1. Taking all protein chains in place and a 1.4 Å probe, what share, in percent, of the accessible surface of the range 238-374 do carbon and sulfur account for?
2. Taking amide H positions as placed in the peptide plane 1.01 Å from N, state which residues far from residue 63 in sequence (5 or more) or on other chains have amide H under 5 Å from it.
3. Relative to the longest principal axis of the chain, what angle (0 to 90°, nearest 10) does the C-alpha long axis of helix 85-94 take?
4. Add +1 for every Lys or Arg and -1 for every Asp or Glu among the other residues with Cβ under 10 Å from the Cβ of residue 235, and state the total.
5. With axes computed from alpha carbons, what is the tilt in degrees of helix 496-505 against the longest principal axis of the chain, rounded to the nearest 10 within 0 to 90?
6. How much FRET efficiency would the formula 1/(1 + (r/R0)^6) give for residue 67 and residue 173, where r is the Cβ-Cβ distance and R0 is 25 Å, rounded to 0.05?
7. Per-residue HN-Hα couplings for the range 427-440, Karplus 6.51 cos²θ - 1.76 cosθ + 1.60 at θ = phi - 60°, whole Hz, x for Gly and Pro?
8. Tell me, how many Å apart are the Cα centres for the range 98-118 and for the range 28-50?
Amino acid sequence: MYDDAERCARAVRSRDSRFDGWFFTAVRSTRIYCRPSCPAIVPRVENLSFYPSAAAAQQAGFRACKRCRPDASPGSPLWDVRADLVARAMRLIADGVVDRDGVPGLAAQLGYSTRQVQRQLLAELGAGPLALARAQRAQTARLLIETSELPMGDVAFAAGFASIRTFNDTVREIFALSPTELRRRAPRTHTRKATAAGPADLARPDGTGQPARTVQPAGTLSLRLPFRAPLCPDNLFGHLAATAIPGVEQWRDGAFRRTLRLPRGPAVVALRPRPDHVICRLTLADLRDLSTAISRCRRLLDLDADPVAIDSQLAEDPALAPLVHAAPGRRVPRTPDPNEFAVRAVLGQQVSTAAARTHARRLVEALGQPVDGLGGSLTHLFPTVGELAGGLSALGDVDLAFPRSRRLALTALVEALADGTVDLGAGADWQDARARLTELPGLGPWTVESIAMRALGDPDAFLTTDLGVRKGAMALGLTATPRSLAAYSTAWRPWRSYAVQYLWAATDHPINRMPERSPAATE
């Protein structure tokens, strides 16, 4: 879109927040870049330049606006919709791959050369992977500066900077303020509950320029996750609460809580919906996992979707239009761990929601890693595919309590995920993953499309054989055989995953209702 200067200018003049994250507006006279919805006086069009990413604007020498905070706008929905190399790279960068493994690690996961990845990102986004990762580190640093009382040294290493000097220079360059000035200007209403490490525990760079030790201990941070309005929380949080695995997930005091497996240790998150944001309360074992945790929480709640574009197309169908108008902004409940969801999809084959939860609970209790001191009533991480591969054979029929055919399907899936035959990660190729899943025994269309929708994040996955989808179709007066429903659904492309949410909403099921908030709940 940023190539269409006239369209961008119209969005800026109307201060249209729907385009926040789609592109960034740079004012050449002031050397500042903004969101399209910035409340400041709109400059003359001839003084404006448009960039596809904050990193590109920063690389061109512009600093972030202090009023609209473009570095904190919702992410571009392109990276959740597209499945090409650039989109896959952006999803991996958001997940912290460049900070952990460098550009060679990013290229290896994508299956391309480092040069090819660099060239593709520069051509489309105006910035290479290092610049994009640097912009993400700056955003994480700003979040820690403004919402915690951590010493600046801890902030620097927690955000992924190799040295305090690089941290200081980056913050000054992007925000035109020193870290101390940025904290002084932050609104005092922010929650500041992160605990700092003692002087002896502060990570210091070793000879390689990397932090020599983990920041210990970490703490709890409360922050806001922005999204494009509207957002319907009912099916999103209702689905997550109705399918929650005891010990790993729960709904409590108006928030969905769950454990997270992050690169440097476990974490617990509580997510509470509000009209214009989601309150995210994170308890981390290592603060350097903050940006990865935020990325995975946004992905879990599908917060970078463009609901206006999705709903406008789906509402063109007279059958779906009443549901769309009644509760617009339905999101697809996704997952912070694609491998976990794939295992849960197999456990949920041809059984009720309650039975699927029971099967998953048994696996967690038998093979999951305990989480001590972080989650209270959340006691375990869901087991990794490595733990499952090593432990499934030791579990008897009484422990698993499902048919032999499903046990064989689960074993085949776990082995394929463990040895890399099937890749469901942030940089996965959606069609290749579908093809490889289909080759596994016991994985039919329902399982494969469920994984595509919620683990891979494909917005066009469609469950033609799902009982809830077929019941919803019949309730709307549509033909409900799998073949005819598949043919009818072509009008909903590329948003059929969202059409599934509206079809489910046509029936009475707990996944469509957000649980009542406890009277004792507090912010």
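1. Working: 2170 of 4350 Å².
Reported share for carbon and sulfur atoms: 50 percent.
2. Amide H to amide H, under 5 Å and 5 or more residues apart or across chains, residue 63 pairs with 32, 33.
3. The answer is roughly 80 degrees.
4. Details: positive: 330, 331, 513; negative: 234.
Its environment carries a net charge of +2.
5. Helix 496-505 and the main axis of the chain meet at about 60 degrees.
6. On the way: r = 19 Å, r/R0 = 0.75.
Between residue 67 and residue 173 the formula returns 0.85.
7. Going residue by residue, I get x, 5, 7, 4, 6, 5, 5, 4, 4, 6, 5, 4, 6, 7 Hz, with x marking Gly and Pro.
8. Comparing the Cα centres of the range 98-118 and the range 28-50, I get a distance of 34 Å.
The values are calculated or read from the model by the stated rules, or taken from the named source; none is laboratory data. Note that the structure is a prediction, hence the values are computed from the model and not measured. For neighbour counting, all protein chains shown are included, and Cβ atoms are generated from backbone atoms with ideal geometry for every residue, glycine included. What goes into the accessible areas is simple: the full protein's heavy atoms, side chains included, and nothing from ligands, DNA or RNA. Shrake-Rupley method; radii C 1.70, N 1.55, O 1.52, S 1.80 Å.
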